[in-house]
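Undergrad: So that we are looking at the same thing, I have put the structure below in structure tokens.
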Amino acid sequence: MAEKLARQAHRPSSRRPRVRHNVTAAIGGDICGGRFPPGGALPRESDLCESYGVSRTVIRESLKVLETKGLVRGRPRVGTLVCDRSEWNVLDAQILEWMGPDVLSAELLGSILEARRTVEPAAAFLAAARATAQEIADLECACDDMSYAEGDLEAFTAADTRFHETLLKASHNQVFHQLSSIIHAALSYALHASNRATERHDEALGVHRALVDALRLRDGARAEACSRHILDLAARDISGLMGRTEVP
């Protein structure tokens, strides 16, 4: 019996990470949901412990995680302040999840689209000269998967996201390559929004295939033009989704 208790005492706890994760998500969700507005201070640690039913250690660990995401900032003799929304890491998948319906705001989707307009056409132009045969085949496969998934929004968006991430990698630009993983969550949310805005995706799929053809022919100008056309269609569809709010 004593040996069993000793083994249990030295066994790593499986509950603690889950508890911290749940509390981090709960506080993060309350911040993103407006319970704790930007510019204000979070309740005292003792009050947070009572509200979320956990120890001070769990609260402190959760606040450290939220600080790395730009949601909060500790201030000596002041406490923990909720940061302005402009400081939130909106490329973080958890923050996008915690934002809920707010993730579909015209401002956020517009910002993502502006970033894509800056990066993707340039990546397409470079990919026309640098993409490998395998990368071009992967892009064509993503187009096929988009076609097969017509009517299944989740599957279509997954294939669409894979297409655009592969395009960034096919540019063989180190920064663009890194961006493909950094912006994965934001890109997926933006594509989901634009894809949801229209029942049929024939036009967009046709332009995606035209971009692949341009890469196969090593036609940089045409590849860049196709990328811009794809983004114009996305802006049009998102504008319709947002009730005709202008999206850049």
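Undergrad: Applying the selection to the stretch 115-128, what residues are surrounded by fewer than 17 Cβ atoms within 10 Å (Cβ to Cβ) and within 15 Å of the chain's Cα centre (by Cα)?
TA: Correct list: Ala115 only.
Undergrad: State the number of residues belonging to the stretch 192-204 that are crowded, with 18+ Cβ neighbours inside 10 Å and modelled with pLDDT of 90 or more. So that I can check it myself, show each step before the final result.
TA: Initially, the stretch 192-204 is screened for residues crowded, with 18+ Cβ neighbours inside 10 Å, giving 192-195, 201, 204.
If we keep only those that are modelled with pLDDT of 90 or more too, we end up with 204.
So the answer is 1.
Undergrad: Could you tell me whether the stretch 111-120 includes any residue that is touching a residue at least 40 places away in the same chain (Cβ under 8 Å) and out of contact with any helix residue (DSSP H, G or I) (no Cβ under 7 Å at 6 or more places or on another chain)?
TA: yes
Undergrad: Considering every residue within the stretch 208-226, establish whether at least one is open to solvent by 30 Å² or more (accessible area, probe 1.4 Å), within 17 Å of Ala142 (Cβ to Cβ) and free of Cβ contacts under 8 Å to residues at least 12 places away in the same chain.
TA: Step one: of the stretch 208-226, the residues open to solvent by 30 Å² or more (accessible area, probe 1.4 Å) are 209, 213, 216-219, 221-222, 224-225.
Then drop every residue that is not within 17 Å of Ala142 (Cβ to Cβ), which leaves 209, 213, 216.
Filter again for free of Cβ contacts under 8 Å to residues at least 12 places away in the same chain, leaving 213.
Yes, that holds for at least one residue.
Undergrad: Could you check, for the stretch 33-52, whether at least one of its residues is open to solvent by 70 Å² or more (accessible area, probe 1.4 Å), in a helix (DSSP H, G or I) and closer than 30 Å to Asp237 by Cα?
TA: Checking the stretch 33-52: not a single residue is open to solvent by 70 Å² or more (accessible area, probe 1.4 Å), in a helix (DSSP H, G or I) and closer than 30 Å to Asp237 by Cα.
Undergrad: Determine which member of the set Leu91, Leu66 is touching a helix residue (DSSP H, G or I) at 6+ places or on another chain (Cβ under 9 Å), open to solvent by less than 60 Å² (accessible area, probe 1.4 Å) and modelled with pLDDT of 85 or more. If you could, list the steps in order and put the result at the bottom.
TA: Values: Leu91 fails: open to solvent by less than 60 Å² (accessible area, probe 1.4 Å).
Answer to the check: Leu66.
Undergrad: So, in the stretch 165-220, exactly how many residues are of a type in the set (Lys, Arg) and part of a helix (DSSP H, G or I)? Can you show your working first?
TA: Filtering the stretch 165-220 down to residues of a type in the set (Lys, Arg) leaves 169, 196, 200, 209, 216, 218.
Still in the list and also part of a helix (DSSP H, G or I): 169, 196, 209, 216.
Count: 4.
Undergrad: Could you grab the pairs with beta carbons closer than 8 Å, sequence gap of 6+ or different chains, first residue in the stretch 172-195 and more than 24 Å from Asp232 (Cβ to Cβ), second one in a helix (DSSP H, G or I) and among the basic types (Lys, Arg)?
TA: The qualifying pairs are His172/Arg130; His177/Lys169.
Undergrad: Can I ask one more? Are any residues in the stretch 53-63 touching a residue at least 12 places away in the same chain (Cβ under 8 Å) and either open to solvent by 40 Å² or more (accessible area, probe 1.4 Å) or in a helix (DSSP H, G or I) (or both), and if so, which ones?
TA: Val58, Ile59, Arg60, Glu61, Ser62, Leu63
Undergrad: Go through the stretch 129-168 and report how many residues are without any contact (Cβ under 8 Å) to a residue 60 or more places away in the chain, open to solvent by 30 Å² or more (accessible area, probe 1.4 Å) and of a type in the set (A, V, I, L, M).
TA: Residues meeting the conditions: 5.
Undergrad: OK, next. If I ask for residues that are buried (at least 16 other Cβ atoms within 10 Å of the Cβ) and over 13 Å from Pro43 (Cα atoms), which ones from the stretch 74-88 would you list? Steps first, answer last, please.
TA: Of the residues in the stretch 74-88, the ones buried (at least 16 other Cβ atoms within 10 Å of the Cβ) are 80-83, 85, 88.
Correct list: Cys83, Arg85, Trp88.
Undergrad: Continuing with the same structure: Can you confirm whether Leu233 is at pLDDT 95 or above, hydrophobic (A, V, I, L, M, F, W, C) and at negative phi?
TA: On the way: at pLDDT 95 or above: no; hydrophobic (A, V, I, L, M, F, W, C): yes; at negative phi: yes.
Taking the combined requirement at face value, the residue does not satisfy it.
The values are calculated or read from the model by the stated rules, or taken from the named source; none is laboratory data. Quantities reported herein were computed from a predicted structural model and do not represent experimental measurements. Heads up, the Cβs are rebuilt from the backbone with ideal geometry, glycines too, and the neighbour counts pull from every protein chain shown. Please note that ligands, DNA and RNA were not included when accessible areas were found on the heavy atoms of the full protein model with its side chains. Shrake-Rupley method; radii C 1.70, N 1.55, O 1.52, S 1.80 Å.
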